[in-house]
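I have placed the structure first, in the form of structure tokens, so that the comments after it can refer back to it.
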Amino acid sequence: MKTLGYYNGRYGELDEMMIPMNDRVCWFGDGVYDAGPSRNYKIFALDEHIDRFFNSAGLLDIKMPVTKAELKEILQEMVNKMDTGNLFVYYQVTRGSGIRNHAFTEGAGNLWIMLKPAEISDGTQPIRLITLEDTRFLHCNIKTLNLIPSCVATEKAKQAGCQEAVFYRPGGRVTECAHSNVHIIKDGKLVTAPTDNLILPGIARAHLIRMCKKLEIPVSETPYTLEDLFAAEEVIVTSSSNLCLYANEIDGKPVGGKNPELLEKLRKALLDEFYEATKEEK
């Protein structure tokens with residue numbers, strides 16, 4: 001199959017799937033999601049993603065309709081049905097179904113899954129960024145379905161001929177991007193925002209930090225500012241869809257390019273880790 005969808009046990013091509021109108025996602029965007037890449041029919045870092053998925057649901061008191069083991073089994077079965085093993089694997093749980101009412105619906109949630117072909121960028125080409133004030137709410141550590149601010153920011157970046165938008169809070173503290181984490185290299189050290197309620201604890205971010213420690217590159221999980229961003233030796237953007245990208249322009253101004261050896265060491269190590277974990281079985 002070229003694409004594949006799942007809703008509470010029903011499968012089909014995405015264009016053929018039908019969703020009940022009384023699913024609370026239709027009224028309130030009431031749910032959480034997670035996603036990651038597959039290569040050669042192997043889902044990368046699946047345990048980490050599922051742990052975060054269940055944690056997000058728990059923080060919003062959404063009752064999961066499956067166990068972690070059951071979800072892993074469903075996802076792998078679906079991946080195996082696809083024409084290609086290089087995929088974007090997306091899953092979400094909504095709070096359930098019922099006539100529109102702000103109060104929670106009782107019972108287990110509804111499980112959605114979506115698979116489509118996708119390739120991971122090798123990160124060799126630079127990207128351009130814009131900056132925008134972060135006007136989102138204070139629950140950014142939860143991977144909720146309420147993504148309108150991120151959609152608006154992504155569209156503004158697209159209209160500016162850029163690939164991502166960097167959010168900052170009042171006072172200039174950089175938080176994250178519209179759909180990625182953002183980090184800087186400063187004095188040969190990785191500086192990344194702490195995992196408080198202003199950013200999502202990215203899986204690719206965690207891999208970046210672990211790789212830095214493996215390569216004996218110092219790491220500082222501390223807030224940094226727009227001033228730090230523009231003055232950085234390198235600006236790194238990470239997500240599960242694009243493991244390690246770098247920026248050479250923000251708001252039309254050149255950035256980075258001052259520590260290419262360190263940047264390349266990280267990029268190559270992270271890609272090698274992904275390729276090794278998803279290599280084809282002989």
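The values are calculated or read from the model by the stated rules, or taken from the named source; none is laboratory data. Remember, it's a predicted structure, so these values are computed and weren't measured experimentally. In this analysis, Cβ positions are derived from the backbone assuming ideal geometry, glycine residues included, and neighbour counts consider all displayed protein chains.
Here are the numbers for the structure shown:
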| quantity | calculated |
| --- | --- |
| Checking His183 against (1) part of a loop (DSSP other than H, G, I, E, B); (2) under 16 Å from the mean Cα position of the chain (by Cα), the condition it does not meet | (1) |
| Some residue of the stretch 131-141 being under 30 Å from Met1 (Cβ atoms) and in contact (Cβ under 8 Å) with a residue 60 or more places away in the chain | no |
| Complete set of residues in the stretch 37-79 that are among the acidic types (Asp, Glu) and outside any helix (DSSP H, G or I) | Asp61 |
| Candidates Cys162, Cys212 - the one that is touching a strand residue (DSSP E or B) at 6+ places or on another chain (Cβ under 7 Å), part of a loop (DSSP other than H, G, I, E, B) and more than 18 Å from Phe137 (Cβ to Cβ) | Cys162 |
| Residues located in the stretch 193-238, provided they are β-branched (Val, Ile, Thr) and without any contact (Cβ under 8 Å) to a residue 40 or more places away in the chain | Ile209, Val219, Thr222 |
| Of all residues in the stretch 250-282 being more than 22 Å from the chain's Cα centre (by Cα), in contact (Cβ under 8 Å) with a residue 24 or more places away in the chain and not in a loop (DSSP other than H, G, I, E, B), the one that is nearest to Asn40 (Cα to Cα) | Lys265 |
| Gly256 surrounded by fewer than 20 Cβ atoms within 10 Å (Cβ to Cβ) and in the same structural domain as Asp134 (by TED's automatic domain parsing) | no |
| Candidates Ala269, Ala277, Ala204 - the one that is at pLDDT 95 or above, in contact with a helix residue (DSSP H, G or I) (Cβ under 7 Å, 6 or more places away or on another chain) and under 30 Å from Thr84 (Cβ atoms) | Ala269 |
| Qualifying residue in the stretch 153-164 (condition: under 30 Å from Ile62 (Cβ atoms), touching a residue at least 40 places away in the same chain (Cβ under 8 Å) and crowded, with 18+ Cβ neighbours inside 10 Å) | yes |
| Residue match in the stretch 83-104 (condition: touching a Cys at 6+ places or on another chain (Cβ under 9 Å), surrounded by fewer than 20 Cβ atoms within 10 Å (Cβ to Cβ) and among the charged types (D, E, K, R)) | yes |
| Tally of residues being within 19 Å of Trp27 (Cα to Cα), touching a Lys or Arg at 6+ places or on another chain (Cβ under 8 Å) and not charged (D, E, K, R) across the stretch 111-149 | 1 |
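Yes or no, residue by residue, for (1) more than 20 Å from Ile203 (Cβ to Cβ); (2) crowded, with 21+ Cβ neighbours inside 10 Å:
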| position | (1), (2) |
| --- | --- |
| Gly5 | yes, yes |
| Met17 | yes, no |
| Asp51 | no, no |
| Ser56 | no, yes |
